[in-house]
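These notes concern the structure reproduced below.
The values are calculated or read from the model by the stated rules, or taken from the named source; none is laboratory data. On a predicted model such as this, the values are computed, not experimentally measured, just so you know. Cβ coordinates were reconstructed from backbone atoms using ideal geometry, including for glycine residues, and neighbour counts include every protein chain displayed. Calculation scope for accessible area: heavy atoms of the full protein, side chains included, ligands and nucleic acids excluded. Shrake-Rupley method; radii C 1.70, N 1.55, O 1.52, S 1.80 Å.
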Amino acid sequence: MKASCLLITAFLAISAVACADNDEPIQYSQVSLSPLTASRQDAGNVRIDFNVPPESQYYIAGADYQVVDGVLSVKILRCSIHEKCKAMVELAPGLAPAMGQLVIPFEGSRVNIEHGDGIQSFDI
């Protein structure tokens, strides 16, 4: 009995350390942010509108993005309520809690939203 308790304790300790070392946040699925749209706000900015899913342990801090080969890639950040996440772009203020909006500087025409289950692409 003691050996099995030690084995279980060791497994749990290793699992906790493995999870703690993972810096990659859990991402939202496509369906959880639906409907999601990307459109041109003006000549120099893209606007992304989406549904904010109701959650009690996580929140949307905003998004990180990068432009590679003329394509804007956006990752919407899902953060634990127990941590402070720093996003490159924060959510637009003053919207209803179920609505999210991001405005990102970009003059190109292709936008990719990276989700936990794939990439959603828009030509704007």
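Which residue is nearest to the chain's Cα centre (by Cα), if the candidates are limited to region 95-111 and must be more than 14 Å from residue 50 (Cα to Cα) and in contact (Cβ under 8 Å) with a residue 60 or more places away in the chain?
Checking each candidate, the answer is 111.
Cβ-Cβ below 7 Å, separation at least six or inter-chain, first residue in region 68-94 and more than 22 Å from residue 46 (Cα to Cα), second of a type in the set (Asp, Glu) and open to solvent by less than 30 Å² (accessible area, probe 1.4 Å): which pairs?
Sorted first by the residue in region 68-94, then by its partner, the list stays empty.
Here are some residues: 65, 59. Which one is in contact (Cβ under 8 Å) with a residue 12 or more places away in the chain, under 27 Å from residue 43 (Cβ atoms) and under 14 Å from the mean Cα position of the chain (by Cα)?
65
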